[in-house]
Amino acid sequence: MSFPGTEEDVKWGNDLCFLVAKKMFCVTSLDGSGGTSFKVTGEEFDELSSTDKFVPAPYMARHKWLLIKNHSKLTQKEWKHFVKQSYELVKAKLPKKTKIDWNLPI
């Protein structure tokens, strides 16, 4: 919630979604059973989806989203990196007018 323009919303009954300008950048299950998904770079997607930590996120893999089911497989530093990077990747795709309307850094 510390990133500019971040909001949260519950979708699909059990998923806490973090959004920037109404666009999701991180999704986690409220009860912890579904894991957490976020967007990564194309290079990271190919590399990380072949490890035992991540799987391609259902419905979102074509957009380079990964799912991690076991949260303890990432360090605090890795979590910060992936969530911030996902935010930045989603924000970068927003139209300039949207960034201005939401007072986001351009």
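Taken together, the values in this text are just the output of simple stated rules run on the coordinates, not laboratory data. Since the model is a prediction, treat every value here as computed from it, not as a measurement. Virtual Cβ from ideal backbone geometry, glycine too; neighbours counted across all protein chains shown.
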Quiz item: For the charge dipole of region 6-101, defined by +1 on Lys and Arg C-beta atoms and -1 on Asp and Glu C-beta atoms about the Cα centroid, which residue among P58, F38, V90 has the Cα displaced farthest towards the positive pole?
Solution: V90
Quiz item: Label 7 Å along Cα→Cβ of N14; region 36-54 residues with amide nitrogen under 14 Å?
Solution: 36
Exercise. Output the relative contact order of region 6-101, whole-number percent, from Cα pairs under 8 angstrom with separation of 6+ residues.
Key: 25
Self-check item: For region 50-64 versus region 1-48, the gap between their alpha-carbon centres in whole angstrom
Solution: 13
Quiz item: What does a probe at H81 reach in region 38-70, counting residues whose amide N is under 11 Å from the point 7 Å along Cα→Cβ?
Solution: none
Exercise. Describe numerically, in nm with one decimal, the distance between label points set 7 Å from Cα along Cα→Cβ at S33 and at E47.
Key: 3.5
Self-check item: Order of C26, C17 - criterion: other Cβ atoms within 10 Å of each residue's Cβ, fewest first
Solution: C17, C26
Quiz item: Where does each of I106, I68 land when they are ranked from fewest to most other beta-carbon atoms within 10 angstrom?
Solution: I106, I68
Quiz item: Helix 76-92 versus the longest principal axis of the chain: what is the Cα-based angle in degrees, 0 to 90, to the nearest 10?
Solution: 40
Exercise. For K64, list the aspartates and glutamates whose Cα falls under 12 Å from its own Cα; do not include residues on the same chain fewer than 8 positions away.
Key: E43, E44, D46, E47
Quiz item: Using all Cα-Cα distances in region 6-101, what percent lands in each 5 angstrom bin from 0 up to the longest?
Solution: 3, 14, 23, 27, 19, 10, 4, 1, 0
